[in-house]
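Everything below concerns the one structure shown next.
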Amino acid sequence: MIQYDAPQTEEQAIEIQTSFADKVITSDKLTHIDTIAGVDVAYDEDSNQVVGAAVLLDAKTLKVIESCSVVESISFPYIPGLFSFREIPPLLSAINRLSVSPDLIVCDGHGIAHPKRFGMASHLGVLLDIPTIGCGKTKLVGEYQMPDSQKGSCADLIDAQTCIGKVLRTQDGVKPVFVSIGHRVSIDTAIEWINKLTPKYRLPETTRQADQLVNRCLKDLLS
(Lines give C-alpha, C1' and ligand atoms only; values in the text may rest on other atoms or scores of the structure.)
Protein backbone atom coordinates (compact mmCIF):
# COMPACT_ATOMS: atom_id res chain seq x y z
CA MET A 1 0.00 0.00 0.00
CA ILE A 2 1.55 3.27 -1.11
CA GLN A 3 1.47 6.32 1.13
CA TYR A 4 0.91 9.67 -0.55
CA ASP A 5 1.97 13.03 0.83
CA ALA A 6 -0.01 15.73 -0.92
CA PRO A 7 1.82 18.97 -1.77
CA GLN A 8 0.83 21.95 0.33
CA THR A 9 1.50 24.63 -2.26
CA GLU A 10 1.41 25.14 -6.01
CA GLU A 11 5.19 25.50 -6.00
CA GLN A 12 5.62 22.13 -4.31
CA ALA A 13 3.28 20.51 -6.83
CA ILE A 14 5.22 21.94 -9.78
CA GLU A 15 8.48 20.71 -8.27
CA ILE A 16 7.05 17.20 -7.84
CA GLN A 17 5.61 17.24 -11.35
CA THR A 18 8.92 18.29 -12.89
CA SER A 19 10.99 15.70 -11.03
CA PHE A 20 8.51 12.85 -11.58
CA ALA A 21 8.12 13.55 -15.30
CA ASP A 22 11.71 12.37 -15.80
CA LYS A 23 10.77 8.99 -14.31
CA VAL A 24 8.15 8.14 -16.94
CA ILE A 25 9.07 5.03 -18.95
CA THR A 26 7.73 5.20 -22.51
CA SER A 27 8.63 1.65 -23.59
CA ASP A 28 6.89 -1.63 -22.82
CA LYS A 29 7.71 -2.90 -19.34
CA LEU A 30 4.73 -5.22 -18.93
CA THR A 31 4.37 -8.79 -17.81
CA HIS A 32 1.34 -10.93 -18.64
CA ILE A 33 -1.83 -8.83 -18.42
CA ASP A 34 -4.58 -10.73 -16.60
CA THR A 35 -6.37 -7.80 -14.96
CA ILE A 36 -7.00 -4.22 -16.02
CA ALA A 37 -8.32 -1.47 -13.79
CA GLY A 38 -10.34 1.57 -14.74
CA VAL A 39 -10.29 4.61 -12.46
CA ASP A 40 -12.39 7.74 -12.26
CA VAL A 41 -13.39 10.54 -9.90
CA ALA A 42 -16.46 12.71 -9.36
CA TYR A 43 -16.73 15.89 -7.32
CA ASP A 44 -19.21 17.55 -5.02
CA GLU A 45 -17.64 20.99 -4.79
CA ASP A 46 -20.38 22.27 -2.46
CA SER A 47 -19.36 19.84 0.27
CA ASN A 48 -15.66 19.82 -0.75
CA GLN A 49 -15.79 16.07 -1.31
CA VAL A 50 -14.55 13.81 -4.07
CA VAL A 51 -15.47 10.23 -4.95
CA GLY A 52 -12.72 7.98 -6.25
CA ALA A 53 -13.37 4.61 -7.86
CA ALA A 54 -11.34 1.68 -9.14
CA VAL A 55 -12.93 -1.16 -11.10
CA LEU A 56 -10.96 -4.32 -11.87
CA LEU A 57 -11.77 -6.19 -15.10
CA ASP A 58 -10.71 -9.54 -16.47
CA ALA A 59 -8.41 -8.72 -19.38
CA LYS A 60 -9.87 -11.42 -21.62
CA THR A 61 -13.61 -11.23 -20.94
CA LEU A 62 -13.78 -7.57 -19.81
CA LYS A 63 -16.07 -8.68 -17.00
CA VAL A 64 -15.93 -6.83 -13.70
CA ILE A 65 -14.04 -8.80 -11.05
CA GLU A 66 -14.05 -6.27 -8.23
CA SER A 67 -14.84 -2.63 -7.58
CA CYS A 68 -13.94 -0.20 -4.78
CA SER A 69 -14.86 3.40 -4.07
CA VAL A 70 -13.97 6.02 -1.48
CA VAL A 71 -15.25 9.44 -0.46
CA GLU A 72 -12.65 11.94 0.68
CA SER A 73 -12.24 15.67 1.18
CA ILE A 74 -10.75 17.52 -1.77
CA SER A 75 -7.10 17.97 -0.81
CA PHE A 76 -5.79 20.28 -3.55
CA PRO A 77 -7.29 23.30 -5.32
CA TYR A 78 -8.12 23.38 -9.00
CA ILE A 79 -5.06 24.74 -10.81
CA PRO A 80 -4.74 24.30 -14.60
CA GLY A 81 -1.95 21.85 -15.42
CA LEU A 82 -1.94 20.40 -11.91
CA PHE A 83 -5.28 18.62 -12.02
CA SER A 84 -3.79 15.23 -11.17
CA PHE A 85 -2.94 16.44 -7.66
CA ARG A 86 -6.69 16.63 -6.95
CA GLU A 87 -7.41 13.19 -8.36
CA ILE A 88 -4.45 11.09 -7.20
CA PRO A 89 -5.37 10.86 -3.46
CA PRO A 90 -8.86 9.32 -3.88
CA LEU A 91 -7.68 7.11 -6.75
CA LEU A 92 -4.82 5.72 -4.68
CA SER A 93 -7.24 5.07 -1.81
CA ALA A 94 -9.60 3.18 -4.12
CA ILE A 95 -6.82 1.16 -5.77
CA ASN A 96 -5.34 0.29 -2.38
CA ARG A 97 -8.67 -1.28 -1.42
CA LEU A 98 -8.58 -3.75 -4.31
CA SER A 99 -7.69 -7.27 -3.20
CA VAL A 100 -5.11 -7.62 -5.99
CA SER A 101 -2.90 -5.10 -7.74
CA PRO A 102 -3.95 -4.55 -11.38
CA ASP A 103 -1.54 -5.50 -14.15
CA LEU A 104 -2.54 -2.41 -16.14
CA ILE A 105 -4.50 0.76 -15.36
CA VAL A 106 -6.44 2.78 -17.93
CA CYS A 107 -7.15 6.34 -16.85
CA ASP A 108 -9.94 8.65 -17.99
CA GLY A 109 -7.41 11.38 -18.71
CA HIS A 110 -4.01 11.98 -20.20
CA GLY A 111 -0.51 10.65 -19.73
CA ILE A 112 2.34 12.42 -21.51
CA ALA A 113 -0.17 14.27 -23.73
CA HIS A 114 0.07 17.09 -21.21
CA PRO A 115 1.83 20.50 -21.29
CA LYS A 116 4.39 19.22 -18.78
CA ARG A 117 4.32 15.65 -20.21
CA PHE A 118 2.98 14.45 -16.88
CA GLY A 119 -0.77 14.06 -16.77
CA MET A 120 -2.79 11.98 -14.37
CA ALA A 121 -2.07 8.62 -16.05
CA SER A 122 1.68 9.21 -15.84
CA HIS A 123 1.43 10.52 -12.28
CA LEU A 124 -0.48 7.44 -11.13
CA GLY A 125 1.78 5.05 -13.04
CA VAL A 126 5.01 6.47 -11.62
CA LEU A 127 3.67 6.50 -8.06
CA LEU A 128 2.49 2.88 -8.25
CA ASP A 129 5.15 1.69 -10.73
CA ILE A 130 2.33 0.02 -12.67
CA PRO A 131 1.80 0.22 -16.45
CA THR A 132 -0.77 2.93 -17.23
CA ILE A 133 -2.51 4.33 -20.29
CA GLY A 134 -4.18 7.71 -20.67
CA CYS A 135 -7.39 7.74 -22.70
CA GLY A 136 -9.04 11.15 -22.70
CA LYS A 137 -12.39 12.14 -24.15
CA THR A 138 -11.06 15.52 -25.27
CA LYS A 139 -7.73 16.99 -26.29
CA LEU A 140 -5.66 18.77 -23.67
CA VAL A 141 -2.76 19.87 -25.85
CA GLY A 142 -1.47 19.30 -29.39
CA GLU A 143 -2.65 19.36 -32.99
CA TYR A 144 -3.78 16.55 -35.28
CA GLN A 145 -5.41 15.58 -38.54
CA MET A 146 -8.75 13.83 -38.08
CA PRO A 147 -8.32 10.04 -38.51
CA ASP A 148 -10.41 8.06 -40.98
CA SER A 149 -13.94 7.16 -39.89
CA GLN A 150 -13.36 3.40 -39.46
CA LYS A 151 -12.74 1.79 -36.05
CA GLY A 152 -9.01 1.46 -35.41
CA SER A 153 -8.02 4.43 -37.54
CA CYS A 154 -5.64 6.80 -35.78
CA ALA A 155 -3.55 9.89 -36.31
CA ASP A 156 -0.58 11.41 -34.51
CA LEU A 157 -1.14 14.00 -31.79
CA ILE A 158 1.66 16.52 -32.19
CA ASP A 159 2.93 19.18 -29.80
CA ALA A 160 6.17 21.13 -30.23
CA GLN A 161 7.05 18.92 -33.21
CA THR A 162 6.83 15.82 -31.00
CA CYS A 163 4.31 12.99 -31.15
CA ILE A 164 2.77 12.90 -27.69
CA GLY A 165 -0.06 10.45 -28.41
CA LYS A 166 -2.61 9.19 -30.89
CA VAL A 167 -6.10 10.25 -31.88
CA LEU A 168 -7.98 6.96 -32.14
CA ARG A 169 -11.36 6.08 -33.67
CA THR A 170 -12.77 3.36 -31.41
CA GLN A 171 -16.01 2.82 -33.33
CA ASP A 172 -17.05 3.59 -36.89
CA GLY A 173 -18.08 7.23 -37.22
CA VAL A 174 -17.84 8.22 -33.54
CA LYS A 175 -15.73 11.00 -32.09
CA PRO A 176 -12.14 9.83 -31.53
CA VAL A 177 -10.43 9.48 -28.16
CA PHE A 178 -6.98 10.75 -27.23
CA VAL A 179 -4.57 7.99 -26.23
CA SER A 180 -1.18 8.58 -24.66
CA ILE A 181 1.52 6.76 -22.76
CA GLY A 182 1.08 6.82 -19.03
CA HIS A 183 4.00 4.74 -17.76
CA ARG A 184 5.76 1.50 -18.76
CA VAL A 185 3.69 1.19 -21.97
CA SER A 186 4.60 2.10 -25.54
CA ILE A 187 2.12 4.05 -27.65
CA ASP A 188 1.62 1.05 -29.97
CA THR A 189 0.73 -1.18 -27.02
CA ALA A 190 -1.54 1.53 -25.62
CA ILE A 191 -3.46 1.70 -28.90
CA GLU A 192 -3.70 -2.10 -29.02
CA TRP A 193 -5.26 -2.23 -25.55
CA ILE A 194 -7.70 0.62 -26.11
CA ASN A 195 -8.90 -1.12 -29.27
CA LYS A 196 -9.43 -4.33 -27.26
CA LEU A 197 -11.26 -2.43 -24.52
CA THR A 198 -13.75 -0.83 -26.92
CA PRO A 199 -15.62 -3.76 -28.53
CA LYS A 200 -19.00 -1.96 -28.50
CA TYR A 201 -18.68 1.62 -27.31
CA ARG A 202 -16.58 4.72 -27.87
CA LEU A 203 -15.01 4.64 -24.41
CA PRO A 204 -12.99 1.76 -22.97
CA GLU A 205 -14.96 -0.64 -20.82
CA THR A 206 -12.64 0.24 -17.94
CA THR A 207 -13.68 3.89 -18.14
CA ARG A 208 -17.35 3.10 -18.60
CA GLN A 209 -17.47 0.90 -15.52
CA ALA A 210 -15.49 3.31 -13.33
CA ASP A 211 -17.61 6.25 -14.49
CA GLN A 212 -20.83 4.40 -13.68
CA LEU A 213 -19.53 3.57 -10.20
CA VAL A 214 -18.48 7.11 -9.27
CA ASN A 215 -21.79 8.49 -10.53
CA ARG A 216 -23.74 6.02 -8.40
CA CYS A 217 -21.62 6.89 -5.37
CA LEU A 218 -21.98 10.61 -5.99
CA LYS A 219 -25.76 10.24 -6.28
CA ASP A 220 -25.82 8.40 -2.94
CA LEU A 221 -23.62 11.11 -1.41
CA LEU A 222 -25.97 13.85 -2.52
CA SER A 223 -29.19 12.06 -1.58
TODO: Inspect all residues belonging to the range 81-97 and state whether any of them is farther than 17 Å from Leu127 by Cα and exposed (fewer than 14 other Cβ atoms within 10 Å of the Cβ).
DONE: no
Task: Residues (open to solvent by 60 Å² or more (accessible area, probe 1.4 Å) and either in contact with a helix residue (DSSP H, G or I) (Cβ under 7 Å, 6 or more places away or on another chain) or in contact (Cβ under 8 Å) with a residue 60 or more places away in the chain (or both)) located in the range 26-66 - done: Thr26, Asp28, Lys29, Thr31, His32, Asp34, Val64
Open item on the list: Cβ-Cβ distance below 7 Å, separation of 6 or more or different chains: which pairs start in the range 199-222 with a residue that is closer than 14 Å to Gly38 by Cβ and end on one that is assigned to a helix (DSSP H, G or I)?
Closed with: Tyr201/Arg208; Pro204/Ile194
Task: Index of the failed condition, Tyr78 passing every other in (1) touching a residue at least 12 places away in the same chain (Cβ under 8 Å); (2) touching a helix residue (DSSP H, G or I) at 6+ places or on another chain (Cβ under 8 Å); (3) open to solvent by 10 Å² or more (accessible area, probe 1.4 Å) - done: (1)
Task: Unmet requirement for Ala94, which otherwise passes all of (1) at pLDDT 95 or above; (2) among the small types (Gly, Ala, Ser); (3) over 26 Å from Pro176 (Cα atoms); (4) touching a Lys or Arg at 6+ places or on another chain (Cβ under 9 Å) - done: (4)
Task: Search result, residues across the range 1-58 that are farther than 24 Å from Phe76 by Cβ, in contact with a Leu (Cβ under 8 Å, 6 or more places away or on another chain) and hydroxyl-bearing (Ser, Thr, Tyr) - done: Thr35
- [ ] Having 1 or more residues that are open to solvent by 30 Å² or more (accessible area, probe 1.4 Å) and within 19 Å of Ala53 (Cα to Cα) is the bar; report the helices (runs of 4 or more DSSP H) wholly within the range 105-223 that clear it.
- [x] 120-128, 205-222
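The values are calculated or read from the model by the stated rules, or taken from the named source; none is laboratory data. The structure displayed is predicted, hence computed values, not measured ones. Virtual Cβ from ideal backbone geometry, glycine too; neighbours counted across all protein chains shown. Ligands, DNA and RNA are excluded from the accessible area calculation, which covers all protein heavy atoms including side chains. Shrake-Rupley method; radii C 1.70, N 1.55, O 1.52, S 1.80 Å.
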